[in-house]
């Protein structure tokens, strides 16, 4: 049996930064440490943090005054940050810098009274955080091609759009084209807001699915970018998403000679190593790695947390 590991996979720069922030906070401050939401959308990471004294609460008012709060990588609204400081919380912002960039763009649109269409899932934490950058207006939300074709706006001459960072690149471009055709004066704030890591991993899984009989995606069903990888892979191959090797089913190997493996941007490499160790019980394994693109981006920690 052949196993093809595709690169890039796993942690992106934003996730690495967020995890390094929480590790440093845990090493400096007394427990418990509070978090407004899951740091990243991966069950292994979430459970690890809970076991190590991190308390996740969506209500800032549940956090005792004077406590330490770490903001998740998905970002939060302006009001939540203000409420945290009112409660005298020590706040460490682990929001991905690429999400922060979208917050700055949203604030710019808000200050200049530019109507905004946000392309994304209205229930996703990242989108809720972006919506929370608006004081004077409520942005429109477009989740599908149907929405793009039928949405009505008040002022099409002063209109912009932003996108959630973890969407399918293929579907999102179709939505953008519809919006541009319907609203010729629409402005794209920040060229291509879909995260580089999302784009790279989707391009990689697309190529992986075309050269393998089965694609295994390591990620959690709560993860938007993991679900998009599965969606793309299933268009070209048999594919499943699992949290770890315990969820793997032997029958998936029927008529399979080559397995492709990748992982979402919030999934630790440890889970893939565990799977490879596990799968070796079914016979001789040949492993090769295919690099579709290289990533060199990294983000600095806040100054107060630097080693």
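Can you tell me the order of 263-269, 52-58, 140-146 when each peptide is scored by its average per-residue count of other Cβ atoms within 10 angstrom, highest first?
263-269, 140-146, 52-58
With N denoting the number of residues in the chain, provide Rg(C-alpha) divided by 2.2 N^0.38 Å, to two decimal places.
Output field value: 1.07.
Based on the alpha-carbon gyration tensor of the stretch 1-148 and its eigenvalue square roots a ≥ b ≥ c, which shape applies: rounded if a/c is under 1.5, prolate if not and a/b is larger than b/c, or oblate?
oblate
Over the Cα atoms of the stretch 217-298, how large are the radius of gyration and the largest Cα-Cα distance (Dmax), in Å?
13.2, 41
Along each principal axis of its Cα atoms, how long is the stretch 98-194 end to end? Whole angstroms, biggest number first, please.
28, 27, 23
What 222 nm value per residue comes from the helices of the chain, counting each DSSP H run with n ≥ 4 as -39,500 (n - 2.57) and dividing by all residues, nearest 500 deg cm²/dmol?
-11000 deg cm²/dmol
Compute from the Cα atoms of the stretch 186-258 the Rg and the Dmax, the latter being the longest Cα-Cα distance, and quote both in angstrom.
Just the Cα atoms of the stretch 186-258 yield Rg and Dmax of 14.5, 51 Å.
Show me the ranking of peptides 28-36, 288-296 by mean Cβ neighbours inside 10 Å, starting with the highest.
28-36, 288-296
Provide 276, 261 in ascending order of the number of other Cβ atoms located within 10 Å of each residue's Cβ, fewest first.
Fewest-to-most Cβ neighbours within 10 Å comes out as 276, 261.
In units of 2.2 N^0.38 Å, what is the alpha-carbon radius of gyration of the stretch 164-285?
Working it through for the stretch 164-285, the quotient is 1.23.
Tell me, what are the semi-axes, in whole angstrom and largest first, of the equivalent ellipsoid of the stretch 13-96 as set by the roots of 5 times the Cα gyration tensor eigenvalues?
18, 14, 11
Can you grab the distance from the C-alpha centre of the stretch 163-205 to the C-alpha centre of the stretch 234-307, Å, no decimals?
That distance is 26 Å.
Calculate the length of the line joining the C-alpha centroid of the stretch 49-78 to that of the stretch 104-143, in whole Å.
Value for the Cα centre distance between the two parts: 23 Å.
Quick note: the coordinates plus some simple rules give every number you see, no bench work behind them. Just so it is clear, the model here is predicted, and its values are computed rather than measured. In this analysis, Cβ positions are derived from the backbone assuming ideal geometry, glycine residues included, and neighbour counts consider all displayed protein chains.
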